[in-house]
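Some notes on the structure that comes next.
Any read-out appearing in this document is the output of simple, stated calculations on the displayed coordinates, not a laboratory observation. In this text the structure is predicted, and so the values were computed from the model without any measurement. So basically every Cβ, Gly included, is an ideal-geometry build from the backbone, and we count neighbours across all protein chains shown.
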Amino acid sequence: MADAARGTVLPVRHQPPLPHERMILSDAPDAEAIEMDVVIVGAGPGGLACAIELSRLIQKDTEAGGDLGETQIAVLDKASALGEHNLSGAVVNPRAFRELFPELQDSDFPFKDRVVKEAVYLLRESGSIKIPTPPPMHNAGNYTASISEICRWLGDKAEALGVNVFPGFPVDSLLVEGQSVRGVRTTPSGQGRDGSGGEPPTDLTARVTVLAEGTRGPLGQAWTQWQGIGSENPQIFALGVKELWETRKPLDRIIHTLGWPLPRDAFGGSFMYPLEPNLVAIGLVVGLDYRQTTLDVHQLLQRLKLHPLFREYLEGGEMVEWGAKTIPEGGWYGLPSRRSGDGLMMVGDTAGFVDVPSLKGIHYAMQSGMFAARAIFEGLKKGDLSGATLSAYDRMVEASYIRDDLYKSRNQRLAFKDGFFVGGFKAGLMTLSGGKLFGGKISMHADAEVPRQVTPETPFVPNGKLTFSKVDAVFKSGNQTRDDIPSHLVVGKDVPREVAELYVHMCPAGVYELDGDKLVVNAPNCIDCKATDAIGPRWTPREGGSGPSYKRM
Ligand SMILES: Cc1cc2nc3c(=O)[nH]c(=O)nc-3n(C[C@H](O)[C@H](O)[C@H](O)COP(=O)(O)OP(=O)(O)OC[C@H]3O[C@@H](n4cnc5c(N)ncnc54)[C@H](O)[C@@H]3O)c2cc1C
Ligand code: SF4
């Protein structure tokens, strides 16, 4: 290809379109469709908080003599058990938990410890400098937690309130009538590699469908494109690769690092959080607008663990879980101009509610889920679930701390498109001025539109003790996918070798490999992080229960 011959490639040229015809269906629902009032796609903190708040509002209304009657709420998740497809850091801001469960104390929540000590380091390959904690990274008063545990706990609360929680049911398509969403269709299951045989999908009808499918959801992408909903900047993403380690030495503080092993033109950093006396989470997050075809986040995390700062804790310990996931990083300017329409709402990461400087999304996901529930409740009471009624949700978000926080930090991530030092300098001034300095919008390209330099590979041989290959890592994700499942990845035709190398290195799970110049796709390895979906091959939902089975992520 001409661009490769010049030493750069442009991934978007080789990206197939999103398969809209599969995601947005105007078919009538199946005659045996399950009738629901509200269907929530995704049992993460956003979807489950929405279900809990809505069932409580309905319960209170019924107790006060209201006439809503029995309202059926379903939460569908693609994982075979709750929490198995959720991955986070995590240090949690407890404010949304406190609002959702005013009757409980912080000590009742599924948290580990309150953060009392924290440290931020600027890393060099052989050393580190402790720097003052930048204000957005202050975590005193927040709690360490496992998001898998949070989802299991929230799921139990939802079920106790009568919510129908259906794990193992990935949603494949939205069923629409005119401009309205009328329900969902799940994926078929049990098919052979060629798509033959198996069990047919299930249709669920709903008066409102809430998309809480998390980061880079294909349904949210398809719906916003179908509705012609834009955003000021395209949404951009980062990839986080994370490991859980049982250690011999306890960690007494949360750690964040900047700098090495990232190149200076990449945005990102690492974290290490204590979860239990001898269990730590370590992870590396890198913006997908990095410039090199051979940058490999999984491999960079392996190198990071060899640094004395981390090695001290990990050596002699055992890596017990591994996983990866993307994070929407576009902030305020990446939000869709509306997050609701006729019969549909988008909450949490699907909408892009993440504050990047503080690496926080859990409480925004929960809070947006609660706001969506309140708008649905009002719609149910009025008997009107049109886009006009559901737009109350957008207004609640805009009058809340979600808007305030994301607006304040609106350019902090975007400033790093000019590299680490310029970006760090500008971001510091933005923080000091409360977001006023450099306040005009910094324009961004979608990750697929960022040109990549064709770079040589950096050799790395894992030692199997501290550092691991992608094959060994995927094993530690508990991946449960059948080997003979039909491929769920839509890959472009005639992908040039240099672009294929970008996929090979970006995918943390070794799904893409090169056999000579030929791109080989090992789809069953996929752990649904959605990274390559942002720049190339499209990820689509597949048979329920496929993918990772995280236990304590
Ligand atoms: C490495 C990393 C570190 C992070 N650290 C922190 C942190 O320390 N603190 C913090 O607050 N935030 C952190 N975040 C962000 C935070 O995890 C997210 O913002 C939050 O989980 C979003 O919640 P959600 O409910 O919107 O989506 P998710 O938690 O992603 O849940 C989405 C759910 O939808 C399901 N799903 C997806 N598609 C389908 C489908 N088609 N059908 C059925 N089910 C589907 C998934 O299985 C999943 O259970 C981090 C994220 C990453 C990746
Ligand atoms: S193929 Fe799967 S595991 Fe690999 S980057 Fe894409 S979504 Fe992630």
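Numerical summary
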{"item": "28 Å Cα-Cα threshold exceeded, pairs from LYS112/LYS325; LYS465/LYS518; LYS249/LYS476; LYS78/LYS360", "result": "LYS465/LYS518"}
{"item": "The chain, dipole about Cα centre (Lys/Arg Cβ +1, Asp/Glu Cβ -1), debye to the nearest 20", "result": "1940 debye"}
{"item": "Inter-label distance for ARG311 and ASP27, nm, one decimal - labels placed 7 Å from Cα along Cα-to-Cβ", "result": "5.7 nm"}
{"item": "Computed lengthening from LYS117 to HIS138, 0.36 nm per intervening residue step minus Cα-Cα distance", "result": "6.6 nm"}
{"item": "Share of Cα-Cα pairs in the chain lying beyond 33 Å, as whole percent", "result": "38 percent"}
{"item": "Antiparallel content of DSSP bridges confined to the chain, in %, to 5", "result": "70 percent"}
{"item": "Least to most buried among ASP394, ASP30 (fewest other Cβ within 10 Å first)", "result": "ASP30, ASP394"}
{"item": "Packing-based exposure ordering (other Cβ within 10 Å, fewest first) of ILE527, ILE147, ILE131", "result": "ILE131, ILE147, ILE527"}
{"item": "Cα-projected label distance for ARG552 with ARG248, points at 7 Å along beta-carbon direction, nm", "result": "1.8 nm"}
{"item": "Centroid-to-centroid separation of region 236-279 and region 127-160 [C-alpha atoms, Å]", "result": "13 Å"}
{"item": "Test item: Cα-centred dipole of region 282-401, Lys/Arg +1 and Asp/Glu -1 on Cβ, debye", "result": "220 debye"}
{"item": "Net lengthening on full extension, GLN480/LYS493 (0.36 nm per residue, minus Cα-Cα)", "result": "1.8 nm"}
{"item": "Dipole in debye (nearest 20) - region 69-153, about Cα centre, beta carbon charges: Lys, Arg +1; Asp, Glu -1", "result": "460 debye"}
{"item": "Neighbour-count order for GLU378, GLU70, GLU125, GLU213, fewest beta carbons within 10 angstrom listed first", "result": "GLU70, GLU125, GLU378, GLU213"}
{"item": "Mean projected area (nm²) of the alpha-carbon convex hull when region 289-358 is viewed from all directions", "result": "7.9 nm²"}
{"item": "Selected from SER126, PRO462, SER55, residue furthest toward positive end of dipole (the chain; charges at beta carbon)", "result": "SER126"}
{"item": "PHE460-ASP106 FRET efficiency (beta carbon distance; Förster radius 35 Å; 0.05 resolution)", "result": "0.25"}
{"item": "Karplus-derived 3J(HN,Hα), 6.51/-1.76/1.60, for each residue of region 487-496, Hz, glycine and proline x", "result": "5, 9, 9, 9, 9, x, 8, 6, 6, x"}
{"item": "Gained length - GLU125 relative to THR62, 0.36 nm times residue gap less alpha-carbon distance", "result": "16.5 nm"}
{"item": "Shape box of region 26-79 [Cα atoms, principal axes, largest first, Å]", "result": "39, 29, 16"}
{"item": "Mean projected area in nm² (Cα convex hull; one quarter of hull surface) for region 195-347", "result": "13.6 nm²"}
